[in-house]
Amino acid sequence: MTERSIDELGPVDYLVVEFPEGHQNFTGEAAEELLRLHDAGMIRVMDLVLIGKGDDGTVMAQELGDLEDMGELARLETELAETLAEADVLKFGEVMAPGSLGAVLV
């Protein structure tokens, strides 16, 4: 893996994935693939936020570092630029269905 500097930004893209209520059986495969792409230098993870929308419409968010058990994703935490602001998270949460979970990857 090549060393990457926080000063090397761009181009920057983001991906939002929403998991509707009843379809939230996470196996860890997505995390493994994300790490594989990161380790190969194909992508750089700058931010990763998990968003949940309650049945009452309340939007909740967790940064990667807020999780109790990050597993292998823990090694990405030190490289995050944390580019998403609270307003960004709320915008993503607005369009999510109640009861769903989502992940925003920058």
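For T83, are the conditions met, namely being among the polar types (S, T, N, Q) and free of Cβ contacts under 8 Å to residues at least 24 places away in the same chain? Judged against the criteria, T83 is not a match. The set of residues in the stretch 65-83 that are in a loop (DSSP other than H, G, I, E, B), in contact with a helix residue (DSSP H, G or I) (Cβ under 8 Å, 6 or more places away or on another chain) and either of a type in the set (G, A, S) or under 15 Å from M46 (Cβ atoms) (or both) contains only L80.
Regarding K91, is this residue under 20 Å from Y14 (Cβ atoms), in contact with a Pro (Cβ under 9 Å, 6 or more places away or on another chain) and of a type outside the set (S, T, Y)? Answer is no for this residue. Flag not set for T78, criterion: touching a residue at least 24 places away in the same chain (Cβ under 8 Å), under 23 Å from L37 (Cβ atoms) and exposed (fewer than 15 other Cβ atoms within 10 Å of the Cβ).
Among the residues of the stretch 51-106, the ones that are within 21 Å of P20 (Cα to Cα) and among the basic types (K, R) come to 2 in all.
For the stretch 25-38, a residue qualifies if it is buried (at least 17 other Cβ atoms within 10 Å of the Cβ) and of a type outside the set (A, V, I, L, M), and exactly one does: H38. Looking at G41, G52, just one residue is touching a residue at least 24 places away in the same chain (Cβ under 8 Å) and surrounded by 12 or more Cβ atoms within 10 Å (Cβ to Cβ), and that residue is G52. Scanning the stretch 16-57 for residues being out of contact with any strand residue (DSSP E or B) (no Cβ under 6 Å at 6 or more places or on another chain) and assigned to a loop (DSSP other than H, G, I, E, B) gives a total of 20. Tell me, please, whether a residue that is at pLDDT below 80 and closer than 26 Å to V95 by Cβ can be found in the stretch 49-65. Within the stretch 49-65, one or more residues are at pLDDT below 80 and closer than 26 Å to V95 by Cβ.
The values are calculated or read from the model by the stated rules, or taken from the named source; none is laboratory data. Just so you know, these numbers come straight off a predicted model, no measurement behind them. Cβ sites come from the backbone with ideal geometry, for glycine too, and all protein chains shown count toward neighbours.
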